[in-house]
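Peer 1: My questions will all concern the structure given below.
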Amino acid sequence: MPTLRRTLGLLAIPALALATALPATATAATAAHADTASSRTVLPDAAAAGWLARQLVDGDHFESVFNGTAYPDQGLTIDAVLAFAASRSSDEAAAKATAWLAKPEILSGYLGDGTTEAYAGATAKLLLAVEVRGANPASFGGVDLPSRLRSLQTTEGRFSDRSQWGDYSNAFGQSLALIALHRTPGDAPTAAVDFLANSQCADGGFPLSFGQPTCAGDPDATALAVQALAATGRTAKANTGLDWLAAHQNADGGFAAAGATTSNANTTGLATQALLSGGRFGTGLKGWSRLVKFQQGCSADPAVRGAVAYDATGFNAASGTRATAQAVLGLAGTPLSTLSAAGARPDSPTLACPAPATR
């Protein structure tokens, strides 16, 4: 995978020559792409992760605002930890974020108390991040994450929430659980793998929610499901899912969320990661190029250079952190099953731009 990442980085090089040869009538979009790609001294994924690291509140977490009140956002913080590892950068920020996640009040607020409240998707996602960081998942913040996750598996193989508020588990959590448990000594339970594999729609896509009257493929859910099934040896099912993703790629190389038509960075990031890690380099590179075009270059405000916009309408701070975190996964192309923070550079790279010309 490091070879693939170097190859992806080199794809930006031709734009450097293009930038000096563009005619005056070149379109704004082409010029912006050349500007974005040509001025980097770091790879696109590292530039995006570096920007993301500088947005952390108090240097160790993210928050979400609801009705004017800021709340800790453990899920987005974990997305950032995964992005830092994928980009092989920002390791100091990742370490601080991991320490924040291990605080008892932060941990219980996300996972539940483990008795009356326990959330499968959250537990699976945190377990994966802890594994990626090389920490001890059996004693993270005093919680045995693999054991708790396994306790949430039902007899049919589904990982379900235990909560007075209901069961909101879905294909995201199921896929992340398989990937995370595959990385443990006990491996992912066969019944759980079967459950996800059997949820596949007739056309090859995977639904977000299980047990619906009509099976409808969801691009984000399918991107995670194919990674989970590939990791656990269900190659045929994974390949059919990849075929479905390729068939749902937009003409601009990006991917739209379920029910939408316009490409966005979040869905494109997950789909591109799945395609590249699954060996679908033609479609994967198209997705990668779309993500690069969403990235903010030297013509953008210095405060957002390196960030990734949610869509082609431009950068929006409200969606920029989550879009950037998920876009990095596609820009790096490393599968979640082998993702590791080992050897990542400690600093958070910046997008180096030439000094303004003086007269």
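Peer 1: What's the number of the condition Ser340 fails, among (1) under 21 Å from Ala180 (Cβ atoms); (2) buried (at least 20 other Cβ atoms within 10 Å of the Cβ)?
Peer 2: All conditions pass for Ser340, except number (2).
Peer 1: Still on this model: Pull up region 194-208, narrow it to residues that are part of a helix (DSSP H, G or I) and in contact with a helix residue (DSSP H, G or I) (Cβ under 6 Å, 6 or more places away or on another chain), then point me to the one that is farthest from Thr235 (Cα to Cα).
Peer 2: So the residue we want is Leu196.
Peer 1: So, one more: Picking from Ala246, Ala257, Ala355, which residue would you name as being without any contact (Cβ under 8 Å) to a residue 40 or more places away in the chain, over 25 Å from Leu128 (Cβ atoms) and either crowded, with 16+ Cβ neighbours inside 10 Å or in contact with a helix residue (DSSP H, G or I) (Cβ under 9 Å, 6 or more places away or on another chain) (or both)?
Peer 2: Ala246
Peer 1: Might you check whether a residue that is outside any helix (DSSP H, G or I) and either surrounded by fewer than 24 Cβ atoms within 10 Å (Cβ to Cβ) or modelled with pLDDT under 95 (or both) occurs anywhere in region 318-329? Break it down into steps so the answer makes sense when it comes.
Peer 2: So the first thing to find is which residues in region 318-329 are outside any helix (DSSP H, G or I), and the list is none.
Looking through region 318-329, none of the residues is outside any helix (DSSP H, G or I) and either surrounded by fewer than 24 Cβ atoms within 10 Å (Cβ to Cβ) or modelled with pLDDT under 95 (or both).
Peer 1: Of all helices (runs of 4 or more DSSP H) completely enclosed by region 210-306, which ones contain at least 3 residues that are at pLDDT 95 or above, on the phi > 0 side of the Ramachandran plot and among the polar types (S, T, N, Q)?
Peer 2: none
Peer 1: Output the residues belonging to region 66-80 that are without any contact (Cβ under 8 Å) to a residue 60 or more places away in the chain and not in a strand (DSSP E or B).
Peer 2: Asn67, Gly68, Asp73, Gln74, Gly75, Thr77, Ile78
The values are calculated or read from the model by the stated rules, or taken from the named source; none is laboratory data. These figures come from a predicted structure and were not determined experimentally. Neighbour counts run over all protein chains shown; Cβ positions are idealised from the backbone, glycine included.
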